[in-house]
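Visitor: Dropping a structure here in C-alpha cells format, bear with me for questions.
The values are calculated or read from the model by the stated rules, or taken from the named source; none is laboratory data. In this text the structure is predicted, and so the values were computed from the model without any measurement. Positions of Cβ are generated from backbone atoms using ideal geometry, with glycine treated the same way; all protein chains shown enter the neighbour counts.
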Amino acid sequence: MEYAITALMVLLATVLLVVEILFIPGVGVSGIMGILSMVGSVFYAFYIIGDIAGWVTLAVASVICLLLVLWALYGNTLDRVALKKNIDSKVDTVDVAKFAVGDKGVARTRLALMGEAEINGVITEVKSENGFIDEGEAIEVSRLSGDSVFVRSVNK
C-alpha cells in the first residue's frame, strides 16, 4: 500500500510539472505543488517504507525531473509558448519640414515644457522654449532641431 502511495505521489508530481510546463508556464501553483509532491514522495518513501524504497524513489524522481527538463529545453515545448513577434513599430516623429521658424499657431494643451499645438493647421507635439504656456495661448516656432519643434509664447 505504501508503494502505491509513493507511486501516486510521483505520478501526481509529474502531471503537475507537465501542466506547469505546457499550459501555465512560470512559477505557479501547479509547479510548486508538483515540486512539493515530488519531494514529499521521497520523504514518505524514506521515513515510512525504508531506506531502499527511499533511494529508489529518489532515483526515479530525479530521472523524471531530468527528463522533464530535457524535454522542455530540447523539445519544441518552449517554442510553442514563447513570443515570436518582433516589434517593428516606431514612435510618431514630427515632420519638421512642415514648419519654419516664425510660423504662428496656438497651444492646444498646456505646454508644461512639452505639449500639443496647432501650427499651420497641423496638430503636433512641441516643446516650450521659455517656460509654461497656457492652453489657447498664441505661439510661434522659435527653432527646429532634429525632429523637435520649439515654440515660444507670442504674448510674453
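Visitor: Which one of the conditions (1) modelled with pLDDT of 80 or more; (2) surrounded by 12 or more Cβ atoms within 10 Å (Cβ to Cβ); (3) over 30 Å from the mean Cα position of the chain (by Cα) does Gly131 fail to meet, given that it meets all the rest?
Guide: Condition not satisfied by Gly131: (2).
Visitor: Now a separate question. Is at least one residue of the range 6-15 touching a residue at least 40 places away in the same chain (Cβ under 8 Å) and more than 21 Å from Gly75 (Cα to Cα)?
Guide: Within the range 6-15 (the criterion being touching a residue at least 40 places away in the same chain (Cβ under 8 Å) and more than 21 Å from Gly75 (Cα to Cα)), the answer is yes, since at least one residue qualifies.
Visitor: Going through the range 93-108 one residue at a time, which ones are at pLDDT 90 or above and either among the β-branched types (Val, Ile, Thr) or in a loop (DSSP other than H, G, I, E, B) (or both)?
Guide: Result: Val106, Arg108.
Visitor: All but one of (1) at positive phi; (2) modelled with pLDDT of 80 or more hold for Tyr44, so report the exception by its number.
Guide: Every condition holds for Tyr44 apart from (1).
Visitor: Here's another thing I want to ask about it. Which one of these is at pLDDT 80 or above and out of contact with any Lys or Arg (no Cβ under 6 Å at 6 or more places or on another chain): Leu12, Leu17, Leu22, Leu66? Walk me through how you get there before you give the answer.
Guide: Numbers: Leu12 fails: at pLDDT 80 or above; Leu17 fails: at pLDDT 80 or above; Leu22 fails: at pLDDT 80 or above.
None of the others qualify; the one that does is Leu66.
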